[in-house]
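Worksheet for the structure shown next.
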Amino acid sequence: MLEIKNLHARSEDTEILKGINLSVAAGEVHAIMGPNGSGKSTLAHVLAGREDYEITEGEVTYDGKDLLDMEIEERAAEGVFLAYQYPVEISGVSNKYFLKAAINSIRKHNDQPVISRSDFVSMLKEKLALLGMDKSMMDRSVNEGFSGGEKKRNEILQMAMLEPKLAVLDETDSGLDIDALKIVSEGVNALRSPERAIIVVTHYQRLLDYIVPDKVHVLAGGKIVRSGDKSLALELEDKGYSFLNEGSEAVAAS
Amino acid sequence: MIATENDAYQESFQQFQSEQSSTAPAWLAELRQTAMNRFTQLGIPTKRIEDWRFTNVKSLAAKPYRNVQSISLSGGEAEALLEKAKLDESFHRLVFVNGHFVSQWSTEHELPEGAVIGNLASAIREEAGDLQNRLSVETDDEAAAFIALNTAFVNDGAFVEIPDGVTVDHPIHLIFLSVEAGQTASHPRNVIRLGKGSRAAVVETYLGREGEGYFTNAITQVDLDETAFLDHHKLQHEQTESLHIASTHVDQKESSEFRSHYFSFGSLMARNEINLMLDGEQIESTLNGLYMPTGEQLMDCRTRIDHARPHCNTYELYKGILDDKAKGVFNGKIFVHQDAQKTDAKQSNQALLLSDDAVVNTKPQLEIYADDVKCTHGATIGELDENSLYYLRSRGVSKDLARKMLIFAFANDVVQGVEIPAVRQHLETILLSSHGLPDV
Ligand SMILES: Nc1ncnc2c1ncn2[C@@H]1O[C@H](COP(=O)(O)OP(=O)(O)O)[C@@H](O)[C@H]1O
Ligand SMILES: [Mg+2]
């Protein structure tokens, strides 16, 4: 579903991604771990289409199409979703209007009829319940005045409403207590299906107890320095990222 | 040097005075003449005057405008405009065409005992309301040329007198239409007084026909006695070749409340001044404004608040949305006089620039002579927030709709401050059509 080849990205003068290779098949869940500043969020935003980054080399194929050639909204309409590490507050736009605008924009792109009012309302009600959110939040401005945890839940609510094919969750677990973590994980797991792929960016093994990954990658210094199965996450939990130096040498030597 | 550009005004003034000579009382003829002399002395403001620095009014104001002495309501144009201006049938309505009251199009619903909602020309004839003293507006300031000009031509407008303790249930809608062909000028004067504890809402709508540019030069005077409350709205929808200059002068007594909602959409050049004199304690005033120039429009919004006495609160929020080559000016003066301890004055103005060619000049001007006061002001000028646009787009919302959502969101809090449903809905519709936010 997603094929990233030798991806290099820079912001102004700094090269942040230095040759990422990653292949994610439909139905799979991949975890990307790594120290702060290693480029995890940059990778996530490059996939979503943020215009701050310049792609200097490499390619990204999504569903057989050139992802890097697509507009931001086109990517979303084609099923790419990014749950932000730092969700944006938008004063004066209600969550409800925003969600409906998003759903219908995506439907319009895919030549589908707009969602009926009643379908929208019942779908929203169901997803709110799934995430333990109060419906009064939907009349408030997007993320405005939301706590850290509420913002993260709201990201997952949007994901649940938009039903993407490729979801990238950028540190969705940070700022969540254990109960919230469980709820959010259930929300994510509800979306797991053979047609969908999920990339979970996280610092902590903890989240991966609930969202069990098929593969785990370590991103350091703008490159994927190790890949493995879920046991790699446990190893990282154990030893930290100290082995990375040998690891990257090993990669460089190979 | 100023003689030539004023010629047209001089000429139409002579004509106006002679036509009025048989009907106008002597004091009025004298008031007009004194004001005309002051206007001649001041001349049309140049950019050298600080308060006109960003608003080059010369070329528009120096056109040979014709003062309309009598109106013909044939042709249906005026009626069509009136239909556009109407907001709600339950409103009391006074209609003025080129500055003249049109009684057959005005509606006055049942009013409480003693309340008057009428026109100024009749009030002058009937010697009502102490007008001899009230019609002169101070023109000492070098920037006051158009105030003098309005007084020189003072003739008609709204006359609203609400006695003590009376609540006027329905809003009073004042509609000013420019209908006559050619380059016309009108100088409406509205005189509003609310007695102790009275409450009323006023909506002023300005609208004009398509075609050649015209000139509206309006003044509204408001007197609020103790604990009176006026909710004032102004909807400036003049045709986009026209010149609109207006000032609202409010005198507030103890514990009164004044709210102003100013919405500026039309005109080629629109300058609106609101002057508040807080002459009592425990006064509250709110000044909200939204101006949305596009194309080559210039909108100049000015407010001046004089905190003369202690314990008064004023809140001010002005927002501008500027597109194309539009220009905006915001000037907010707040004077806290020596006696005005415990003043709480908040001022905020925010401008959103939608194009690289749009400009806004904003100047908060606080002068504080008391030591125990809370005064804050903030000004922001920005573009649409890139992060917000990205966030919306990354959820599938098109760039165009994302922009509209953010523009609407920016303007909406000023609109939501309007409490009269028919006025608020009218504004929402305009926001939706000019910077359209579709039903999604
Ligand atoms: N827009 C940007 N402009 C400049 N530098 C950036 C930008 N985004 C990220 N960086 C830098 O790139 C590096 C990687 O950041 P990021 O992708 O946020 O890392 P992570 O998510 O792994 O913590 C950091 O050094 C960060 O400061
Ligand atoms: Mg990050």
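The values are calculated or read from the model by the stated rules, or taken from the named source; none is laboratory data. Everything quoted here is computed from the prediction, not taken from an experiment. So basically every Cβ, Gly included, is an ideal-geometry build from the backbone, and we count neighbours across all protein chains shown.
Does the range B:273-284 hold any residues that are buried (at least 24 other Cβ atoms within 10 Å of the Cβ) and under 30 Å from B:Gly213 (Cβ atoms), and which are they? Of everything in the range B:273-284, just one residue is buried (at least 24 other Cβ atoms within 10 Å of the Cβ) and under 30 Å from B:Gly213 (Cβ atoms), namely B:Ile274. Scanning the range A:136-155 for residues that are touching a helix residue (DSSP H, G or I) at 6+ places or on another chain (Cβ under 7 Å), of a type in the set (Lys, Arg) and more than 10 Å from A:Asn95 (Cβ to Cβ) yields A:Lys152, A:Arg153.
This table checks each residue for (1) surrounded by fewer than 19 Cβ atoms within 10 Å (Cβ to Cβ); (2) touching a Gly at 6+ places or on another chain (Cβ under 9 Å).
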site	(1), (2)
B:Lys325	yes, yes
B:Ala340	no, no
B:Val360	no, yes
B:Gln365	yes, yes
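Name the single residue, out of those in the range A:36-45 being within 6 Å of ligand 1 (Cβ to nearest atom) and of a type in the set (Gly, Ala, Ser), that is surrounded by the fewest Cβ atoms within 10 Å (Cβ to Cβ). Talk me through it step by step, then tell me what you get.
First, pick out the residues of the range A:36-45 that are within 6 Å of ligand 1 (Cβ to nearest atom): A:36-42.
Retained after the next criterion (residues that are of a type in the set (Gly, Ala, Ser)): A:37-39, A:41.
Numbers: A:Gly37: 12, A:Ser38: 23, A:Gly39: 23, A:Ser41: 20.
The extreme case among them is A:Gly37.
Answer with yes or no whether B:Ser59 is among the polar types (S, T, N, Q) and free of Cβ contacts under 8 Å to residues at least 60 places away in the same chain. Yes, satisfied.
Residues in the range B:50-64 that are in a loop (DSSP other than H, G, I, E, B), within 11 Å of B:Ala145 (Cβ to Cβ) and of a type outside the set (A, V, I, L, M): how many?
0
Matching residues to (1) buried (at least 18 other Cβ atoms within 10 Å of the Cβ); (2) in contact (Cβ under 8 Å) with a residue 60 or more places away in the chain:
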residue	(1), (2)
A:Asn6	no, no
A:Leu22	yes, yes
A:Gly34	yes, yes
A:Glu73	yes, no
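The residues of the range A:67-77 that are more than 9 Å from chain B (Cβ to nearest Cβ) and in a loop (DSSP other than H, G, I, E, B) amount to a single one, A:Met70. Checked against the criteria, B:Ala411 counts as within 14 Å of chain A (Cβ to nearest Cβ) and either in contact (Cβ under 8 Å) with a residue 60 or more places away in the chain or assigned to a loop (DSSP other than H, G, I, E, B) (or both).
Among the residues of the range A:5-19, what is the count of those that are among the small types (Gly, Ala, Ser) and within 9 Å of ligand 1 (Cβ to nearest atom)? Let's see the steps before the verdict.
We begin by selecting, within the range A:5-19, every residue among the small types (Gly, Ala, Ser); these are A:9, A:11, A:19.
Retained after the next criterion (residues that are within 9 Å of ligand 1 (Cβ to nearest atom)): A:11.
The total comes to 1.
Being away from ligand 1 (no atom under 16 Å from the Cβ) and part of a loop (DSSP other than H, G, I, E, B) is a property that A:Met133 has.
Taking the range B:74-102, which residues are in contact (Cβ under 8 Å) with a residue 40 or more places away in the chain, surrounded by 14 or more Cβ atoms within 10 Å (Cβ to Cβ) and part of a loop (DSSP other than H, G, I, E, B)?
If we filter the range B:74-102 for residues that are in contact (Cβ under 8 Å) with a residue 40 or more places away in the chain, which is where we start, we get B:77-78, B:81-82, B:84-88, B:90-101.
Right, trim to surrounded by 14 or more Cβ atoms within 10 Å (Cβ to Cβ) and you get B:77-78, B:81-82, B:85-88, B:91-101.
Residues satisfying the conditions are B:Lys86, B:Leu87, B:Asp88, B:Phe91, B:Asn98, B:Gly99.
When A:Lys127, A:Lys151, A:Lys100 are checked against the criterion of being assigned to a helix (DSSP H, G or I), out of contact with any strand residue (DSSP E or B) (no Cβ under 8 Å at 6 or more places or on another chain) and away from chain B (no Cβ under 13 Å), A:Lys127 stands alone in meeting it. Within the range B:157-171, being surrounded by fewer than 23 Cβ atoms within 10 Å (Cβ to Cβ) and either under 18 Å from B:Phe101 (Cα atoms) or polar (S, T, N, Q) (or both) holds for B:Glu161, B:Thr167. Residues in the range A:78-93 that are within 7 Å of chain B (Cβ to nearest Cβ) and assigned to a strand (DSSP E or B): A:Leu82, A:Ile90, A:Ser91, A:Gly92, A:Val93.
Test B:Ile71 against the stated conditions and say whether it is of a type in the set (A, V, I, L, M), over 21 Å from B:Ile245 (Cα atoms) and part of a loop (DSSP other than H, G, I, E, B). Taking the combined requirement at face value, the residue satisfies it. Return yes or no: is A:Leu22 within 14 Å of chain B (Cβ to nearest Cβ) and either in contact with a Leu (Cβ under 8 Å, 6 or more places away or on another chain) or within 16 Å of ligand 1 (Cβ to nearest atom) (or both)? No: the conditions fail for A:Leu22.
Specify the residue that is nearest to the other protein chains (Cβ to nearest Cβ); the eligible residues are those in the range B:367-377 that are assigned to a strand (DSSP E or B) and surrounded by fewer than 12 Cβ atoms within 10 Å (Cβ to Cβ). Write out each step before concluding.
Filtering the range B:367-377 down to residues assigned to a strand (DSSP E or B) leaves B:367-368, B:374-377.
Next, only the ones that are surrounded by fewer than 12 Cβ atoms within 10 Å (Cβ to Cβ) stay: B:367, B:374, B:376.
Values: B:Glu367: 32, B:Lys374: 24, B:Thr376: 19 Å.
Only one residue fits best here, namely B:Thr376.
Condition check for A:Tyr204 on (1) within 16 Å of ligand 1 (Cβ to nearest atom); (2) modelled with pLDDT of 90 or more: one failure, at (2). A count restricted to the range B:378-402 and to residues that are outside any helix (DSSP H, G or I) and either touching a residue at least 12 places away in the same chain (Cβ under 8 Å) or more than 7 Å from chain A (Cβ to nearest Cβ) (or both) stands at 8. If you go through the range B:175-207 and keep only what is under 22 Å from B:Gln104 (Cα atoms) and in contact with a Phe, Trp or Tyr (Cβ under 6 Å, 6 or more places away or on another chain), you end up with B:Phe176, B:Ser178, B:His187, B:Pro188, B:Val191, B:Tyr206. For the range A:43-66, filtering for residues that are away from every other protein chain (no Cβ under 14 Å) and either within 25 Å of A:Arg226 (Cα to Cα) or in contact (Cβ under 8 Å) with a residue 24 or more places away in the chain (or both) leaves 11. Taken over the range B:285-296, the criterion of being crowded, with 18+ Cβ neighbours inside 10 Å and not β-branched (Val, Ile, Thr) is satisfied by B:Ser285, B:Leu287, B:Asn288, B:Gly289, B:Leu290, B:Tyr291, B:Met292, B:Pro293. B:Arg271 meets each of the listed conditions (1) part of a loop (DSSP other than H, G, I, E, B); (2) more than 22 Å from B:Lys374 (Cα to Cα); (3) not aromatic (Phe, Trp, Tyr) apart from (1).
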